[in-house]
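A quick write-up on the structure given underneath.
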Amino acid sequence: MDQQVMQKLKRQLEQELQEIEKRIDESERPQATELSNYDNHPADNASDLTDQLTEMAIDEHRGDNAEEIKEALQAMADGTYGECTVCGKEIPIGRLEAMPQALTCVEHAEKKEDNLRPVEEEVLSSTPRSDDFIELEEFGSSDTPQDKNQ
C-alpha cells in the first residue's frame, strides 16, 4: 500500500478516535426530572429510564467504534493493515477509504441480518395444528358452565 494513502488513513483514524473519546468524556447521564418518585407519574419515570438507556447504548456504541479504530491503528503499527485478518488477502483500497477501521475483506465482514425479528413471531405466525387446541383445553379454560355444550 502506498505510504501516502496509509498516512492519510492513519490521520483519519486518529482524528475519529479523538472525536469519539471527546464525546464519551463529555457525555452526561440524563438526570431524573423529579427529585422524588413519590408523586411522579409512572410515564415520567419511564421517560427518564428510556433516556438513560438510550445514552448508555450510544456510549457503548462509541466505545465499540473506539476499540475498532484502536485495533486498526495497532495493525498499522504491526505492518498488517490492509490485509484481511481471516484470509490474508489484500483489502481493496476503496473499502479502506470508506471504512478505515476495516480489518477484513468484504467476504469475511461480519454478516448482520437485515431483518432481525423476535423468535416468537415465527411461532405465532405458523399455522396452528389441529391438536393444539385440544392440548390447551386439558389445562382448562375460562368458560363458565353455561358456555359449554351440553
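The values are calculated or read from the model by the stated rules, or taken from the named source; none is laboratory data. These figures come from a predicted structure and were not determined experimentally. Here the Cβ is made from the backbone with ideal geometry for all residues, glycine too, and neighbour counts use every protein chain on show. For the accessible areas, the whole protein counts, side chains as well, though only heavy atoms, and no ligand, DNA or RNA atoms are used. Shrake-Rupley method; radii C 1.70, N 1.55, O 1.52, S 1.80 Å.
Under the condition of being buried (at least 16 other Cβ atoms within 10 Å of the Cβ) and either in contact with a strand residue (DSSP E or B) (Cβ under 9 Å, 6 or more places away or on another chain) or aliphatic (A, V, I, L, M) (or both), which residue from region 80-91 is farthest from K10 (Cα to Cα)?
Here the residue is C84.
So, in region 130-150, how many residues would count as being open to solvent by less than 100 Å² (accessible area, probe 1.4 Å), outside any loop (DSSP other than H, G, I, E, B) and modelled with pLDDT under 75?
4
Taking E121, is it at pLDDT 90 or above and either under 30 Å from V5 (Cα atoms) or under 25 Å from the mean Cα position of the chain (by Cα) (or both)?
The answer is no for E121.
Right, A77: within 30 Å of Q15 (Cα to Cα) and modelled with pLDDT of 90 or more or not?
Yes; evaluated as a whole, the condition is true for this residue.
Which of the following residues is β-branched (V, I, T) and either outside any loop (DSSP other than H, G, I, E, B) or modelled with pLDDT of 75 or more (or both): T104, T127?
T104
Residues of region 33-52 being modelled with pLDDT under 80, hydrophobic (A, V, I, L, M, F, W, C) and open to solvent by 60 Å² or more (accessible area, probe 1.4 Å), which ones? First the steps, then the outcome.
Filtering region 33-52 down to residues modelled with pLDDT under 80 leaves 33-45.
In the following step, the residues that additionally are hydrophobic (A, V, I, L, M, F, W, C) were identified as 35, 43.
Result: L35, single match.
Step by step: first the residues of region 53-75, then only those that are among the aliphatic types (A, V, I, L, M) and open to solvent by less than 70 Å² (accessible area, probe 1.4 Å), then the one that is nearest to L103 (Cα to Cα). Which residue is that?
This residue is A72.
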